[in-house]
1. Where does each of 16, 117 land when they are ranked from fewest to most other beta-carbon atoms within 10 angstrom?
2. Where does each of 55, 63 land when they are ranked from fewest to most other beta-carbon atoms within 10 angstrom?
3. At a Förster radius of 30 Å, what calculated FRET efficiency corresponds to the Cβ-Cβ distance of residue 75 and residue 167, to the nearest 0.05?
4. On a 0 to 90° scale, report how tilted helix 126-152 is relative to the longest principal axis of the chain, with both axes built from alpha carbons and the result rounded to the nearest 10.
5. Going by average Cβ density within 10 Å per residue, which order do the peptides 37-47, 159-169 take, highest to lowest?
6. For the chain, take the longest principal axis of its alpha carbons; what is the angle in degrees between that and the long axis of helix 47-58, to the nearest 10 within 0 to 90?
7. If each DSSP helix of 4+ residues adds -39,500 (n - 2.57) and the sum is divided by the residues in the chain, what number results at 222 nm, nearest 500 deg cm²/dmol?
8. What ranking do 71-82, 92-103 get when scored by the average of other Cβ atoms within 10 Å per residue, highest first?
């Protein structure tokens, strides 16, 4: 793999993980602990479950698969947990997971990005593993933002003070 492209890929993956972490932190600043385990629907995921699931997925795909470590994920617990953690504890777990994933992304070799492996029954290269995990985290970030907006009836202000109307140059 071209070193310049791999460097760009790594930098962008790390940036996107930071963006989602930033947005989730903002969203969580708007809620109280008693909102963490409220489900939007009977089949929906509570905010706490969104965090646990995001951590589990990111760990499985990046921190174990890309890093070639043993996968010990207990996926069902991510959905069945319904109490016991505060938003500070959840955010700490999320931040630790994101930082570990970012370190793994930065430290992985070109060979680790090229190697095809099986994760959750899918055959993916290291590039595919990272793309999946970043996309998956972004997807859940959007769900978290939507549910927090519904709970609080507030704009989250993710880009407050930034002019997003500028055209490309």
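Bear in mind that the values in this text are calculations on the coordinates, not laboratory data. None of these values were measured; they are calculated from a predicted model. Glycine gets a Cβ as well: all are built from the backbone with ideal geometry, and neighbour counts include every protein chain shown.
1. 117, 16
2. Ascending number of Cβ neighbours within 10 Å: 63, 55.
3. 0.10
4. Helix 126-152 sits at roughly 10 degrees to that axis.
5. Values: 37-47: 13.4, 159-169: 5.7.
In decreasing order of mean packing, 37-47, 159-169 become 37-47, 159-169.
6. The angle comes out near 0 degrees.
7. -19500 deg cm²/dmol
8. Working: 71-82: 12.3, 92-103: 17.2.
For the peptides 71-82, 92-103, the packing ranking is 92-103, 71-82.
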